Amino acid sequence: MDEYQHVYTGLWLILSTIIIQAIILIRAHRRYKGYKVGVMDASLGQDSFLFRAYRTFWNSLENIVPILGMTIIAILAGYDANGLMIIVWIYAISRIIHMLLYYIVATDKNPSIRSIFYIIGFIANLYLMVDLGIFLIL
């Protein structure tokens, strides 16, 4: 078994979560009364599930690039597989909880409960950036 197997599984979960978010967004958009292909109603707000599904999906797309890139560099550089697994799984779980809370909690309040899980994922990414940087320099 490859030493990074659990890291790969975590990455699979992160990417699968984004695909599921896309499916939920497409379904919500198609059910929307004013549905137009490729057009999101700019008047929608947090009270709209479609708006929250849209923001959840795009938030995930915006946040996948750093964790995916850093993880690939870490694997190629021989970074500690166990440490990387912990970081990736913290990120994956925090993003799933963030997604669920974004779907459930309709609020313009910032920070909100979902912000906590966004920050946990962000800190995991920030930690990997710094620790991997040190690993690569030394």
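The values are calculated or read from the model by the stated rules, or taken from the named source; none is laboratory data. Computed from a predicted model, the values in this text were never measured in an experiment. All Cβ positions, even for glycine, are placed from backbone atoms using ideal geometry, and neighbour counts span all protein chains on display. For accessibility, only protein heavy atoms count, side chains too; no ligands or nucleic acids. Shrake-Rupley method; radii C 1.70, N 1.55, O 1.52, S 1.80 Å.
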Q | Residue under evaluation I72, criteria (1) farther than 23 Å from E3 by Cβ; (2) surrounded by fewer than 20 Cβ atoms within 10 Å (Cβ to Cβ), criterion not met | A | (1)
Q: Would you mind stating whether I14 is surrounded by fewer than 16 Cβ atoms within 10 Å (Cβ to Cβ) and among the β-branched types (V, I, T)?
A: no
(Q) When the residues of the stretch 64-79 are narrowed to those that are of a type outside the set (V, I, T) and in contact with a helix residue (DSSP H, G or I) (Cβ under 8 Å, 6 or more places away or on another chain), which ends up farthest from L13 (Cα to Cα)? (A) A77
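Residue-wise test of (1) surrounded by 13 or more Cβ atoms within 10 Å (Cβ to Cβ); (2) within 28 Å of G45 (Cβ to Cβ); (3) within 16 Å of the chain's Cα centre (by Cα); (4) not aliphatic (A, V, I, L, M).
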{"site": "M99", "(1), (2), (3), (4)": "yes, yes, yes, no"}
{"site": "Y103", "(1), (2), (3), (4)": "yes, yes, yes, yes"}
{"site": "P111", "(1), (2), (3), (4)": "no, yes, no, yes"}
{"site": "I119", "(1), (2), (3), (4)": "yes, yes, yes, no"}
{"site": "V130", "(1), (2), (3), (4)": "no, no, no, no"}
{"site": "G133", "(1), (2), (3), (4)": "no, no, no, yes"}
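Any chance you could count how many residues in the stretch 43-56 are of a type outside the set (K, R) and either under 14 Å from R31 (Cα atoms) or surrounded by 21 or more Cβ atoms within 10 Å (Cβ to Cβ) (or both)? It would help to see each step written out before you state the result.
Filtering the stretch 43-56 down to residues of a type outside the set (K, R) leaves 43-51, 53-54, 56.
Restricting the remaining residues to those that are either under 14 Å from R31 (Cα atoms) or surrounded by 21 or more Cβ atoms within 10 Å (Cβ to Cβ) (or both) gives 48-51, 53-54, 56.
Residues in the stretch 43-56 being of a type outside the set (K, R) and either under 14 Å from R31 (Cα atoms) or surrounded by 21 or more Cβ atoms within 10 Å (Cβ to Cβ) (or both): 7 in total.
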Q.
Quick check on this structure: which one of Y8, Y91 is open to solvent by 30 Å² or more (accessible area, probe 1.4 Å), at pLDDT 95 or above and not aliphatic (A, V, I, L, M)?
A. Y8
